[in-house]
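Student: For reference, the structure I am asking about is given below.
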Amino acid sequence: MSAVGVHGTGARGARVGRAGATRGVGALSAFAALAALAGGGCTLDERAGPGEELLAALGEVRYESPPPTGLTFVNAARANELRAEDPERFAFVEALGTPLLNLRDLPAERYGLDPDRAETTVTVDFAAPFGQWDGDFDAAEIREQLAADGFTERETDAGPVWVNHDRGLGLMVEDDRIRWGDEQLDPSRTEAVGEPLAEQEVYRDLAACLGTVYRADLVQAAEGAEVPVYAVGHRAEAADDTSTVLCAVTEDEATAEAALERLREEIEEGQTRYAGAEAAPLEAEGGSPGVRVTVPDRPEQRPGRLLAEDTDLTDALRTL
């Protein structure tokens with residue numbers, strides 16, 4: 001699979017899943033659209049073991065210091081299965097974690113981003129998002145749609161990019177991948193810039209902690225935070241058997257103990273909301289200190305709630 005390059009993202013705070021419904025993607029800064037896509041080749045079937053799908057996605061996100069404000073990974077194939085069984089319950093993954101699809105002026109053809117054709121999706125940087133969809137697309141048809149929608153073609157070393165200056169959008173369309181960003185999108189510009197997130201121990205530990213999830217949101221805290229990065233993952237044994245796992249790494253063991261105590265207090269105070277929740281320290285031998293909380297969902301509780309309205313646990317990590 002190709003690599004998504006991140007060049008110089010700022011350490012800004014952001015809340016996952018709060019994509020603004022603005023007219024275009026003017027909020028996408030130039031660096032956020034520099035998606036470096038080098039050749040490779042991997043499929044979900046080639047990835048095995050808990051956390052490996054997410055780790056593969058992290059291996060494609062290259063950055064220079066500091067890391068991006070966050071990343072959202074969705075196993076679209078699994079998310080689509082769950083949505084087909086219960087569209088209302090899994091409405092939070094309808095857009096497959098892609099804020100571009102929340103824009104008010106989204107055309108009927110959705111820039112070719114058809115969830116039924118997606119296998120995985122990755123969105124990088126919450127404040128100025130960009131990303132890619134992998135799957136099975138009809139590139140020729142999508143390019144025709146873009147041309148009819150006012151996009152013009154610009155050549156780059158990595159291939160043609162379709163740009164709409166009025167919308168502030170750039171897209172690169174292939175049969176197995178659609179890359180989206182702002183109008184400065186040029187995959188060739190950061191092809192070899194930075195190192196993959198997967199090479200950082202903390203991100204490897206977070207992927208292992210989350211295990212097999214159909215959606216994962218990783219949030220990078222502001223510089224100097226006691227909890228530098230945490231992740232929220234969603235699991236589903238079945239459409240009616242779901243849970244959320246919250247994983248966080250800390251600067252040291254003492255902070256991990258403080259975080260664990262604080263999270264257990266929140267769970268105790270919210271016994272109804274967090275019924276059956278378990279909090280424990282990370283146990284990866286030789287890995288990063290941190291904490292892990294697993295929260296099962298009751299039938300009336302929709303997955304995604306810990307990212308949206310019920311944020312007491314993640315708020316606790318940010319305020320240590």
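The values are calculated or read from the model by the stated rules, or taken from the named source; none is laboratory data. Please read these numbers as outputs of a predicted model, since none were measured by experiment. Cβ: placed from backbone, ideal geometry, glycine included. Neighbour counts: every protein chain shown. Ligands, DNA and RNA are excluded from the accessible area calculation, which covers all protein heavy atoms including side chains. Shrake-Rupley method; radii C 1.70, N 1.55, O 1.52, S 1.80 Å.
Student: Please specify each residue of segment 200-247 satisfying the condition of being under 26 Å from GLN301 (Cβ atoms), touching a residue at least 60 places away in the same chain (Cβ under 8 Å) and among the basic types (Lys, Arg).
Tutor: Listed by number, the list holds a single entry, ARG215.
Student: Now for a different question. Name the pairs whose Cβ atoms lie under 7 Å apart, with the first residue in segment 53-73 and farther than 11 Å from VAL122 by Cβ and among the hydrophobic types (A, V, I, L, M, F, W, C), the second assigned to a helix (DSSP H, G or I) and open to solvent by 10 Å² or more (accessible area, probe 1.4 Å), and 6 or more positions between them or separate chains?
Tutor: Listed pairs, sorted by first residue: LEU55/ALA198; LEU55/ARG204.
Student: Which of the strands (runs of 3 or more DSSP E) contained wholly in segment 132-226 include at least 3 residues that are open to solvent by 10 Å² or more (accessible area, probe 1.4 Å) and assigned by the TED database to the domain that holds ARG104? Lay out the reasoning, then the answer.
Tutor: Details: elements: 152-156, 159-164, 169-173, 177-181, 215-220.
The qualifying strands (runs of 3 or more DSSP E) are 152-156, 159-164.
Student: OK, next. Would you tally the residues in segment 278-300 being part of a loop (DSSP other than H, G, I, E, B), in contact (Cβ under 8 Å) with a residue 12 or more places away in the chain, in contact with a strand residue (DSSP E or B) (Cβ under 9 Å, 6 or more places away or on another chain) and not aliphatic (A, V, I, L, M)?
Tutor: Adding up the residues that qualify gives 4.
Student: Would you pick out the residues in segment 288-320 that are touching a Cys at 6+ places or on another chain (Cβ under 9 Å) and open to solvent by less than 70 Å² (accessible area, probe 1.4 Å)?
Tutor: To start, the set of residues in segment 288-320 that are touching a Cys at 6+ places or on another chain (Cβ under 9 Å) comprises 290-293.
Listed by number, the residues that qualify are GLY290, VAL291, VAL293.
Conditions (1) modelled with pLDDT under 90; (2) over 22 Å from ARG143 (Cα atoms), marked per residue:
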| position | (1), (2) |
| --- | --- |
| MET172 | no, no |
| ILE178 | no, no |
| ASP182 | no, no |
| SER188 | yes, no |
| ARG204 | no, yes |
| THR212 | no, yes |
| ARG215 | no, yes |
| VAL219 | no, yes |
| ALA222 | yes, yes |
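Student: Taking into account only those residues within segment 75-90 that are touching a helix residue (DSSP H, G or I) at 6+ places or on another chain (Cβ under 8 Å) and of a type in the set (Gly, Ala, Ser), which is surrounded by the fewest Cβ atoms within 10 Å (Cβ to Cβ)?
Tutor: ALA77
Student: OK, next. Within segment 263-275, take every residue that is open to solvent by 60 Å² or more (accessible area, probe 1.4 Å) and touching a strand residue (DSSP E or B) at 6+ places or on another chain (Cβ under 9 Å) and give me the one that is modelled with the lowest pLDDT. Step through it out loud before you land on a result.
Tutor: The first filter runs over segment 263-275 and keeps only residues open to solvent by 60 Å² or more (accessible area, probe 1.4 Å), leaving 264-265, 268-269, 271-273.
When the remaining residues are screened for being touching a strand residue (DSSP E or B) at 6+ places or on another chain (Cβ under 9 Å), the result is 264, 273.
Numbers: ARG264: 96, ARG273: 93.
In this case the residue turns out to be ARG273.
Student: I would also like to ask the following. Scan segment 114-131 for residues that are in a loop (DSSP other than H, G, I, E, B), more than 10 Å from the chain's Cα centre (by Cα) and over 19 Å from ASP186 (Cα atoms) and jot them down.
Tutor: ASP114, ALA127, listed by residue number.
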